[in-house]
Amino acid sequence: MSVSRYYDVKRDEAGNRYLEVYVQGFLLTRFPLLNKGTAYTLEERRQLGLEGLLPPHVNSIKEQLDQTYRQYRLLGSEMEKHIYLRNLQDRNEVLFYALLEEHLEEMLPILYTPTVGEAVRQFSHIYRYPRGFTASTANIEGIREALANVPLNDVRLIVATDSSAILGIGDQGFGGMAIPIGKLSIYTAAGGVGPDKTLPVELDVGTDRADLLFDPLYLGVRHKRLSGEPYYAFMDRFVEAVKDRYPKVVIQWEDFAKDTAFAVLERYRKVIPSFNDDIQGTGAVALAGLISACRLKGERLSDQRVVIHGAGAGGIGVAWAILEGLKRDGLSEKEAKKRLFVLDSRGLLVENRSMEAYKQPYAQQPQALEGWSFAGQVPTLLETIQNARATVLLGLSGQGGSFTEPIVRAMHFNTPRPIIFPLSNPTSASEALPDDLIHWTEGQAIVAAGSPFPPVVYNGSYYPVGQGNNAFVFPGLGFAAVLGQVSEVSDGMVLEAAYALADYTARETPERVYPPVKQLREVSREVASRVLAKALEEGLCREPRVQNMNAAQVGAFVASRMWEPHYLPFRWADRRRED
Ligand SMILES: NC(=O)c1ccc[n+]([C@@H]2O[C@H](COP(=O)([O-])OP(=O)(O)OC[C@H]3O[C@@H](n4cnc5c(N)ncnc54)[C@H](O)[C@@H]3O)[C@@H](O)[C@H]2O)c1
Ligand SMILES: O=C(O)C[C@H](O)C(=O)O
Ligand SMILES: [Mn+2]
């Protein structure tokens with residue numbers, strides 16, 4: 001299958017790759033995947049009809065990187081930098097990824113969390129070029145024809161959102177599209193998935209936000225969100241059409257609100273290989289961080305009593321993964337559940353109160369609370385921490401500042417080294433500032449946060465703050481699913497990602513809870529290798545090339561398939577590609 005209707009990747013007589021291109025001249029410089037800017041060679045300029053359209057000097061990519069980075073550094077605000085990088089991505093994708101790889105740690109917070117949260121809010125206002133695909137209530141009837149317009153013929157990975165729960169900032173309508181774009185940029189920069197194999201998707205089913213509906217510049221469909229049967233009919237149509245157009249595609253569901261996140265995951269996970277990043281990716285990342293934190297404390301996971309603040313997609317996903325981790329550590333399901341306390345906005349989940357079905361498996365039995373003292377119907381966060389003698393506190397509530405000083409001191413009262421991870425994003429939704437956590441516990445808390453934070457300085461010592469973000473898991477997990485052409489993304493694969501991340505951290509950065517972001521590519525390669533080996537073991541791989549590979553061969557295969565931002569030589573072919 002050809003990669004795009006505009007070009008195809010071929011090999012020359014010596015086996016080297018080149019692009020056969022079917023567009024020519026000025027238009028070529030308008031295709032981000034084909035644009036080399038000032039780096040087209042003289043021979044390419046002649047062949048491709050670019051003579052006279054470009055400056056005489058031919059730049060190397062190194063010079064282009066210098067030039068773009070200098071411009072980037074001139075910009076003042078994070079949003080300006082975000083817009084600049086997104087423009088570069090829409091202008092010249094190879095250069096964009098080369099720049100991103102060179103400055104991953106500096107640029108990730110600009111392209112991804114937290115700045116992407118602001119880009120979501122302002123999406124309609126800063127919109128420039130089309131990128132990705134929008135399925136909306138305006139085109140769902142003709143979804144197949146619309147999908148045929150996507151210029152890529154071999155999409156293997158989709159990140160799709162209905163924007164109902166973007167980060168911790170809620171319903172964002174059409175603006176949520178910035179999230180799949182950001183996640184897929186990480187897939188390419190860190191996970192090695194070629195940009196021509198990826199497609200960001202916005203599922204625009206409307207928005208319940210009046211400020212968006214009444215904003216004259218708002219670009220999404222202008223009605224309230226679909227819900228119930230019409231919502232699932234929309235989703236069914238999308239999934240069927242995507243499956244027909246891209247039979248090998250894997251879907252990552254992103255930022256679906258709790259009311260639909262679990263239902264969408266279960267409805268389609270056996271229909272099309274797919275996973276929910278907020279439930280499963282976050283679960284794996286939290287479990288990995290917890291294992292690393294226990295290692296730093298010299299304790300076992302099964303020694304801990306864990307409180308999870310927030311019972312949505314993230315919170316329940318984390319509860320699921322930790323329960324599995326506790327079982328793997330030797331506890332029975334019943335024993336494991338006694339160590340896990342999950343709270344939603346109404347307090348601790350206890351079986352005798354009302355709650356949604358997806359929360360029920362993580363509710364405490366009322367007998368477990370015998371001897372507890374609490375004032376209301378169910379214990380609050382502080383009361384739960386005190387009565388359960390919690391040693392671990394994880395925030396997935398989207399409630400900025402909810403880990404107050406009394407709460408953190410109560411954790412410290414229970415254990416000399418409390419593990420406290422405010423995992424909510426963006427920065428404004430973080431349950432606490434790492435700086436406060438370190439100070440309130442006299443430097444003793446083991447801290448990681450969902451958003452990036454600078455190291456904390458306390459008593460003359462530096463405390464790096466690990467980023468407990470699913471970015472450490474989804475690129476490897478999704479890449480493995482793509483490479484193996486798995487029939488489904490299994491729970492075993494998700495858990496394997498967690499252990500791969502924990503093992504990597506123990507080996508490469510043993511003093512930390514999570515590796516530094518600049519190692520994201522190495523981490524993702526390891527996660528992908530382990531997950532692919534697991535999928536093979538579980539008999540889920542349909543890709544013939546990986547069958548019968550051992551672990552070392554799988555690792556080498558993953559490394560060899562990682563896309564790199566290099567310009568390939570171009571050759572003009574005088575025909576329009578037939579699809
Ligand atoms: N670090 C990561 O990798 C990561 C991954 C996923 C989600 N998150 C973060 O977790 C947060 C929640 O995301 P989600 O996808 O679960 O959203 P969601 O809409 O599915 O769930 C939000 C949940 O927050 C809880 N909540 C709301 N108000 C609360 C309150 N006052 N007290 C206690 N709990 C309350 C509720 O249980 C609700 O179900 C967001 O801020 C998101 O950025 C972080
Ligand atoms: O997007 C992120 O930074 C992580 C996570 O998926 C979230 O929704 O917060
Ligand atoms: Mn998310």
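What follows is calculated from the coordinates using simple rules that are stated; it is not laboratory data. Quick caveat: nothing in here was measured; it's all calculated off a predicted structure. Ideal geometry is used to build each Cβ from the backbone, glycine not excepted, and the neighbour counts take in all protein chains shown.
List the GluC sites (Glu not before Pro) in segment 1-103 that DSSP assigns to loop (not H, G, I, E or B) and whose Cβ has at most 10 other Cβ atoms within 10 Å. Which are they?
Numbers: sites: GLU13, GLU20, GLU43, GLU44, GLU51, GLU63, GLU78, GLU80, GLU93, GLU101, GLU102; in loops: GLU13, GLU51.
For GluC sites (Glu not before Pro) across segment 1-103 that sit outside H, G, I, E and B with at most 10 neighbouring Cβ atoms in 10 Å, the list reads GLU13.
Normalised by the number of residues in segment 87-168, the average gap of Cα pairs under 8 Å and 6 or more apart makes the relative contact order 21 percent.
Among TYR463, TYR40, rank each residue by its count of other Cβ atoms within 10 Å, from fewest to most, as a rough exposure measure.
Numbers: TYR463 18, TYR40 22.
So the residues, fewest neighbours to most, are TYR463, TYR40.
Applying 1/(1 + (r/R0)^6) with R0 = 56 Å to the Cβ-Cβ distance of ARG353 and LEU74, what FRET efficiency is obtained, to the nearest 0.05? Given R0 = 56 Å and the Cβ-Cβ separation, E is 0.50. Neighbour counts of C-beta atoms inside 10 Å place ASP277, ASP204 in the sequence ASP204, ASP277, starting with the fewest.
Note on segment 388-450: with charges restricted to the Cβ of Lys and Arg (+1) and Asp and Glu (-1), its dipole about the Cα centre is near 220 debye. If the limit is 19 Å between Cα atoms, which of LYS10/LYS197; LYS197/LYS243; LYS338/LYS359; LYS359/LYS534 go over it? The answer is LYS359/LYS534. The modelled label-to-label distance for the pair LEU54/ARG409, using points 7 Å beyond Cα in the direction of Cβ, is 6.5 nm. Working note: Cα atoms of segment 244-317, range along each principal axis, descending, whole Å: 51, 26, 17.
Sort SER163, SER373 so the one with the fewest other Cβ atoms within 10 Å of its own Cβ comes first.
Numbers: SER163 31, SER373 9.
Placing the least packed residue first, the sequence is SER373, SER163.
Classify segment 124-247 as rounded, prolate or oblate from the Cα gyration tensor: take a ≥ b ≥ c as the square roots of its eigenvalues, call it rounded if a/c is under 1.5, otherwise prolate when a/b beats b/c and oblate if not. Kindly include the intermediate steps, with their values, before the conclusion.
Values: a/c = 1.79, a/b = 1.26, b/c = 1.42.
Cα axes put segment 124-247 in the oblate bin.
With N residues in segment 200-286, what two-decimal value do you get for its Cα radius of gyration over 2.2 N^0.38 Å? Write out the running numbers ahead of the final one.
On the way: Rg = 14.4 Å, N = 87, 2.2 N^0.38 = 12.0 Å.
Dividing the Cα Rg of segment 200-286 by 2.2 N^0.38 Å gives 1.20.
Over all Cα atoms in segment 7-59, the spread is summed up by Rg and Dmax: 11.5, 32 Å. Loop-located chymotrypsin sites (Phe, Trp or Tyr not before Pro) in segment 443-495 (DSSP state not H, G, I, E or B) with no more than 10 neighbouring Cβ atoms inside 10 Å do not occur.
Estimate the FRET efficiency between ALA556 and VAL9 by the formula 1/(1 + (r/R0)^6), using the beta-carbon distance for r and 22 Å for R0, to the nearest 0.05. Computed FRET efficiency for ALA556 and VAL9 comes out at 0.55.
Looking at the chain, the DSSP beta bridges with both ends there are about 25 percent antiparallel.
Using all pairs of distinct alpha-carbon atoms, the Kirkwood hydrodynamic radius of the chain works out to 24.8 angstrom. With each label modelled as a point 7 angstrom along the Cα→C-beta vector, the GLU106-GLN24 pair spans 4.1 nm. The GluC sites (Glu not before Pro) of segment 441-550 that DSSP puts in a loop, and whose beta carbon has at most 12 other beta carbons within 10 Å, are GLU442, GLU511.
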